[in-house]
Amino acid sequence: MKLNLVMIVKNEERSLRKCLKAARGLVDEIIIADTGSTDRTVSIAREMGARVVDFVWINDFGAARNFALEQSDADWNLILDADEYLRPCSRKGLEKLLKSRTGVWLGGLTRYDFYREEGGLSQSTSVLPRLLPRGVRYTGIIHEQPEGDHPCYRLPLSADHDGYLYEDKGERNLPYLRKAVTEYPEDGYYQFQLASTLRNLKQLEESLEAFRKFYRLADRQDSYRAGGVVLYLYTLLELGTPQCLDEAAAVVEREEEALGAWSDFCFVSGLFYMKRVLSDVAGYMSLLPRIESCYLRCLKLGERPELGGVVGTGSFKAAYNLGAWYEVSGQLEAAVKYYRMAARDGYEPAKERLRAMKR
């Protein structure tokens, strides 16, 4: 069995060496399509043993991926970006799994995304179809996806991704996404990507319109839908108008049965109930127990990186929010218990609250 690493790159000298060093022990050959680098990317790739081919950029990420794949003669092709670093994986074990299934299917890689927020560094996970059998190609000019309705099975492949710490590609991607939703107005995936990009760019009002379109168009079985629903809810909560809270209430109620076994949904539901109560304490007093129950459910569900979502919603972040809730409601013993639970996972805000309560 032959396994190749196939990449497209442009000006990736910051991270490329680290990426290739982590992956080259797993693969037989490294094939890189360069789309116009002006830094040391090409020389680094060749120093690391890659075969580099040039691709003239035509404003189409899918076309670039397909050109790179056409240079590979492997049975399976591993797709990485230059800011993704494979964690150790057994080639022998991977091959055994690849041989255990028949038919055309895609291999899922668990990616750990690092990003900055007020409390410091945070992580989220997603399972992406990144190991493709011979002959599978991409479709889409941006946020390209493998063609065909092939099943994706999670493999013991995982990678750390640090790109969000150094570069926001939202401004770059926005024109491509606007073009995509214009050409494919009924495509829920493009509406989701546009909504997420606008949200990251803090254009919340326009983001909300795209989230509404995504929500109308996406099928329940679409893999991106659950994460899109959670981001839709966060956007409504951040806008925070009475109308947005009414809309969030309808979405939470509608999705509870389908998404209630996922800690990310339970976590944002807890935030919703808290915001709803604070908007009108007398009117929504009956919702108070739901705040506690949402975060307790998060802890019961626990961390499940294979489902994707924010790391901590099934552990330290939920415990911290429970601690905060018990503290403001005067249940100090319970507050300390859950702050300590979060602190044991190294969550600094919880440590700060424990220090403050001692004072």
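Tabulated data
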| read-out | value |
| --- | --- |
| Strands (runs of 3 or more DSSP E) (entirely within the stretch 84-135) containing at least 1 residues that are among the acidic types (D, E) and open to solvent by 40 Å² or more (accessible area, probe 1.4 Å) | 106-117 |
| G312 being open to solvent by less than 50 Å² (accessible area, probe 1.4 Å), modelled with pLDDT of 95 or more and at positive phi | yes |
| Residue list for the stretch 34-83, restricted to those being touching a strand residue (DSSP E or B) at 6+ places or on another chain (Cβ under 7 Å), open to solvent by 10 Å² or more (accessible area, probe 1.4 Å), among the polar types (S, T, N, Q) and not in a helix (DSSP H, G or I) | T35, S37, Q71, S72 |
| L288 being part of a helix (DSSP H, G or I), modelled with pLDDT under 95 and surrounded by 14 or more Cβ atoms within 10 Å (Cβ to Cβ) | yes |
| Residue satisfying condition, being charged (D, E, K, R), buried (at least 20 other Cβ atoms within 10 Å of the Cβ) and assigned to a helix (DSSP H, G or I), within set D246, D264 | D264 |
| Leading residue by the ranking (surrounded by the most Cβ atoms within 10 Å (Cβ to Cβ)) among those in the stretch 141-158 that are under 16 Å from T110 (Cα atoms) and in contact with a Cys (Cβ under 9 Å, 6 or more places away or on another chain) | L157 |
| Matching residues, the stretch 15-28, being out of contact with any Asp or Glu (no Cβ under 7 Å at 6 or more places or on another chain) and crowded, with 18+ Cβ neighbours inside 10 Å | L16, L20, A22, A23, V27 |
| Hits in the stretch 152-198 - residues which are basic (K, R) and part of a helix (DSSP H, G or I) | R172, R178, K179 |
| Qualifying residue in the stretch 174-185 (condition: exposed (fewer than 15 other Cβ atoms within 10 Å of the Cβ) and among the small types (G, A, S)) | no |
| Near pairs, Cβ below 9 angstrom, 6+ apart or cross-chain, from the stretch 237-264 (on the phi > 0 side of the Ramachandran plot) to any residue that is open to solvent by 60 Å² or more (accessible area, probe 1.4 Å) and not in a loop (DSSP other than H, G, I, E, B) | G240/K275; G240/S279 |
| Residue in the stretch 141-148 that is among the β-branched types (V, I, T), in a strand (DSSP E or B) and touching a residue at least 60 places away in the same chain (Cβ under 8 Å) present | no |
| Failed item in (1) among the charged types (D, E, K, R); (2) in contact (Cβ under 8 Å) with a residue 12 or more places away in the chain; (3) surrounded by 16 or more Cβ atoms within 10 Å (Cβ to Cβ), with D222 passing the rest | (3) |
| The lone exception for G323 - which of (1) under 30 Å from L155 (Cα atoms); (2) open to solvent by less than 50 Å² (accessible area, probe 1.4 Å) it fails | (1) |
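The values are calculated or read from the model by the stated rules, or taken from the named source; none is laboratory data. Computed from a predicted model, the values in this text were never measured in an experiment. Neighbour counts are summed over all protein chains in view; Cβ atoms, including those assigned to glycine, are modelled from backbone coordinates with ideal geometry. Side chains are part of the model used for accessible areas, which takes the heavy atoms of the whole protein and leaves out ligands, DNA and RNA. Shrake-Rupley method; radii C 1.70, N 1.55, O 1.52, S 1.80 Å.
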